[in-house]
1. Would you mind checking the range 41-55 for residues with the amide N under 12 Å from a putative spin-label position 7 Å along Cα→C-beta of Arg87?
2. Just the number, please: percent antiparallel of the DSSP beta bridges in the chain, rounded to the nearest 5.
3. Which helices, taking whole DSSP H runs in the chain, have alpha carbons extending 15 angstrom or more along the helix axis plus mean Kyte-Doolittle at least -0.5?
4. In whole angstrom, how far apart do the alpha carbon centroids of the range 75-116 and the range 165-200 sit?
5. Using packing as a proxy for protection, rank 25-34, 225-234 so that the peptide with the highest average count of other Cβ atoms within 10 Å comes first.
6. Sorted by average packing, counted as other Cβ atoms within 10 angstrom per residue and highest first, what order do 153-163, 175-185 take?
7. With n ≥ 4 as the cut-off for DSSP H runs, can you work out [θ] at 222 nm for the chain, using -39500 (n - 2.57) per run divided by the number of residues, rounded to the nearest 500?
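Derivation of every value follows stated rules applied to the coordinates shown; laboratory data play no part. Predicted model only: the values in this text are computed from it and were never measured. Note: ideal-geometry Cβ built from the backbone for every residue, glycine included; neighbour counts use all protein chains shown.
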Amino acid sequence: MDILVAGGTGFIGRHLCAELHDRDHDVTALARDPDNETLPGGVERSVGNVTAYDSIAGAFVGRDAAVNLVALSPLFEPGGGNEMHDRVHRQGTANCVEAAETAGVDRFVQMSALGADAEGSTHYIRAKGRAEEHVRESALDWTIFRPSVVFGDGGQFISFTRTLTPPGVAPLPGGGRTRFQPVHVEDLVVMLADAVEDDAHVGETYDIGGPSTLTLADVARLVREARGETVRVVPVPMALAGVGMTIGGLLPGVPFGPDQYRSLQLDNTTDDNDIDAFGFETADLTTLPTYLGVSDRQAGVV
Ligand SMILES: NC(=O)c1ccc[n+]([C@@H]2O[C@H](COP(=O)([O-])OP(=O)(O)OC[C@H]3O[C@@H](n4cnc5c(N)ncnc54)[C@H](OP(=O)(O)O)[C@@H]3O)[C@@H](O)[C@H]2O)c1
């Protein structure tokens, strides 16, 4: 197949381009600045900005499938403000959908996020929910993925946790009790590539979680354990959050606003993990402790 991966130079995009290329597809990565040396050899590059329709329309012509992985990280407040989430995630998706329809692209795989909700409590979650609506209302053969946090080589989750929780004592909203189901990028891209290839996934929305549920405090301890360090997580009083305190005040230089603070208090787990739609069981998936080279028992993970 001839496949366009919008956002193909990003963290998940680079791994997906490699997976699709290994499966003998013709792969093109679209991004604003695709001169990315970490793209696997043989992957073509295309320049475009999903917020500007005319800059991307041509890239969809002649493709059999498109994957939309364009992202603005929810971990930090974007330059231009949180309204940028609507422009990039919702309007950008609408533009990709229109470009795919106009070009006659058959398959469209949309990367959303666990908890995506058009009426949700953060700009990121709302934009993701509204983007899903554009995809569902389209004439495309679509599949939507909603993963929990994704970890792996080149990802931000581990480095972000490290920044948030330095060794020693780390103050976190709610004492770091927010729950995640981290999934390894190499497991996720197998599912994404299967969804591109197999019509059985058309019209499906998949919640995807990793093999175990971890609190942010668990992740912080694992990340420190991997470096032979320890961390004690202490709660930031919720009352302070209520009067508008943000973690930016605790971590000078980190662009952290109320949205980011709020999202750190939202559980990011699913009771309906859809990994079985791709023939996976939880035992098949890479755990975060294994990736970090730390044993589950040693790190106190349940
Ligand atoms: N990583 C996670 O833990 C996680 C969890 C759940 C869902 N997701 C979702 O998975 C997808 C991929 O995430 P990721 O972590 O791989 O993101 P990422 O590493 O930040 O990559 C973002 C990609 O989008 C491109 N991009 C950004 N703005 C663009 C624009 N206006 N026009 C065209 N391209 C643009 C970037 O390249 P340029 O900057 O050069 O344009 C890059 O290729 C996103 O939809 C994200 O919301 C990620």
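1. 50-52
2. Values: 2 of 38 bridges.
Within the chain, antiparallel bridges account for around 5 percent of the total.
3. On the way: long enough: 11-22 (17 Å, 0.07); 92-103 (16 Å, 0.13); 123-136 (20 Å, -1.44); 185-197 (18 Å, 1.22).
Span-like helices, by this rule, are 11-22, 92-103, 185-197.
4. Centre-to-centre (Cα) distance: 20 Å.
5. Numbers: 25-34: 20.0, 225-234: 14.4.
The densest-packed peptide leads the list: 25-34, 225-234.
6. Values: 153-163: 16.7, 175-185: 21.2.
Those peptides, ordered most packed to least, come out 175-185, 153-163.
7. Numbers: 10 runs with 89 residues, N = 302.
Here the helix-only value at 222 nm equals -8500 deg cm²/dmol.
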